[in-house]
Amino acid sequence: YPLKGETLPKGAKNAALPILAAAAAVGDVCRITNCPRLSDVNAMFLILRALGCTVSEDGDGILVDSRNLLSGEIPGNLMKEMRSSVFLMGPLLSRLGSVSLSSPGGCEIGRRPIDIHLQGLSCLGAKIREDGDRIHCTGRLKGTVIRLSFPSVGATENLMMAALGAEGCTRILNAAKEPEILDLQNFLNACGAEIQGAGTGEISVRGGLPLHGAEYRILPDRIEAGTMLAAAAATGGEILLRGIDSSLLKSPLDILEEAGCGIKREPDLIYLKAPRRLQAVKAVETGPYPDFPTDLQSQFLVMLARAEGKSLVRENIFENRFKPVEPLLKMGADIQVCGRDARIFGVPALTGARVSAGDLRGGASLVIAGLCAEGNTVVEHIFHIDRGYENLEGTLASLGGRIRRIKG
């Protein structure tokens, strides 16, 4: 059943989590709108409350009151539920001068060490001590120049937030350029910070300024938008996405056009019309923004599994992003994985099967596979999907997808 219709992407998960963490550094009341209702977001609420913040719903927004923040010790059981809780290192160190946390959890898509975070915090003057599986950071921070060994999104955002409490100015070189980093900068500047350069390879932060509460609207989720585009393309559909800047998805849109889709790009909308069968593409290579996002690799791999011809997908960020391949083979796909490369030989059709989501984006890709497969597909372990998509089945059903949640 081709997906057809119009939808509006919800707030970006990858912007909401660092912004919620940043609210802990403000020491005032912040109202955040367009915040997606996700299990990862709920986990962040629980952590903020455990630290002494008040978090409540306020109409279409979320109120975060961090005036009574008391503790910099993140409970281990909550930390292991969500890798993004590592974003609290910077805000808590900035606000309280200390933070204690255990190894972060999250999807098992490959090694995601926090060494780059810790190296940057050390440059700012933090003293770091490891005690079993817990990491303790303390110290008075001082502005400096930090050059990241890799443009890590999480490390860039963590160091931006830590630098708020540093004496003097901090420059972060080889910074990640993702749009969600610019969203974090805009939120913090609305709260009285002075940060420049987000979206470029160099970010400067003036530390020691008094912060205050603000109201802020989170930008739309480009990964959700890309997932909907991949689903529409895979099913031979036609879709209009409103409220999303097409420039944020230039690389995925280029791939969709190469696969034979008609695309209209505007500053606030994206239109896609897919052919009856997609054409293979030469290569999809993931990389830091503005290259193709690793968070869309699995969805595009599924899309290409039914394209005519041979495609190549190369994963340059995480080594375990090909976890959906095994269930896709069960559904009749012809994919060969060799290291970081997946060679995809398009087949005319997939066949429905019972499959299991092994991670967030891989789970979404299996849902797309089910939408374009013959017969019925059951996707299990959908708690992974709920970490990053709000009511995914409802959005797809509104576009004509034959899909429903049967448990959970």
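The values are calculated or read from the model by the stated rules, or taken from the named source; none is laboratory data. All values reported here derive from a predicted model rather than from experimental measurement. Ideal geometry is used to build each Cβ from the backbone, glycine not excepted, and the neighbour counts take in all protein chains shown. These accessible areas exclude ligands, DNA and RNA; they are computed on the full protein's heavy atoms, side chains included. Shrake-Rupley method; radii C 1.70, N 1.55, O 1.52, S 1.80 Å.
For region 255-320, a/c is not less than 1.5, where a ≥ b ≥ c are the root eigenvalues of the C-alpha gyration tensor, and a/b does not top b/c. That puts it in the oblate class. Relative to the longest principal axis of the Cα atoms of the chain, helix 13-26 runs at roughly 10 degrees. Computed over all pairs of different Cα atoms, the Kirkwood value for the hydrodynamic radius of region 20-62 is 10.7 Å.
Computed with a 1.4 Å probe over protein heavy atoms only, the accessible surface of the chain comes to 40 Å² per residue.
I need the calculated FRET efficiency for the pair residue 215 and residue 276, taking r as the beta carbon distance and R₀ as 35 Å, to the nearest 0.05. After rounding to 0.05, the efficiency reads 0.15. The gain in end-to-end length when the residue 98 to residue 349 segment is fully stretched comes to 84.8 nm, 0.36 nm per residue minus the alpha carbon separation. Among residues other than residue 221 with Cβ under 14 Å from its Cβ, the summed charge is 0 (Lys and Arg +1, Asp and Glu -1).
In region 285-358, Cα pairs under 8 Å separated by at least six residues give a relative contact order of 34 percent. Distance between the C-alpha centres of region 148-212 and region 22-97: 18 Å, rounded to the whole angstrom. Between residue 330 and residue 194, what is the FRET efficiency for a Förster distance of 56 Å, r being their Cβ-Cβ separation, to the nearest 0.05? The computed FRET efficiency comes out at 0.55. Label sites at residue 67 and residue 257, each approximated as a point 7 angstrom past Cα along Cα to Cβ, lie 5.2 nm apart. A cut-off under 10 angstrom between Cβ atoms defines the neighbours of residue 335, and their net charge, with Lys, Arg +1 and Asp, Glu -1, is -1. The Cα atoms of the chain give a gyration tensor whose axes a ≥ b ≥ c have a/c of 1.5 or more with a/b greater than b/c, which makes the shape prolate.
Mean projection of the Cα convex hull over all viewing directions, computed for region 241-391: 8.4 nm². The share of accessible area on region 308-354 that comes from carbon and sulfur is 48 percent, using a 1.4 angstrom probe. Ligands, DNA and RNA left out, the accessible area of region 158-202 computed with a 1.4 Å probe is 44% carbon and sulfur.
Surface calculation, 1.4 Å probe, protein heavy atoms: residue 383 sits at approximately 120 Å² accessible.
Using C-alpha pairs below 8 Å separated by at least 6 residues, the relative contact order for the chain is 16 percent.
Atom-type composition of the exposed protein surface of region 16-105 places 45 percent of the accessible area on carbon and sulfur (1.4 angstrom probe). Anisotropy class assigned to region 145-204 is oblate, per the alpha carbon gyration tensor with a/c at or over the 1.5 cut-off and a/b no larger than b/c.
Its convex hull of Cα atoms gives region 145-304 a direction-averaged projected area, equal to a quarter of the hull surface, of 9.7 nm².
Residue order by solvent-accessible surface for 321, 217, 140 is 140, 217, 321, largest first, with ligands and nucleic acids left out and a 1.4 Å probe. Ordered from longest to shortest, the equivalent ellipsoid semi-axes for region 322-408 are 22, 15, 11 Å, each the square root of 5 times a Cα gyration tensor eigenvalue. Summing Cβ point charges (Lys, Arg +1; Asp, Glu -1) relative to the Cα centre of region 1-117 gives a dipole of roughly 220 debye. The modelled label-to-label distance between residue 8 and residue 140, using points 7 Å beyond Cα along the C-beta direction, is 4.9 nm.
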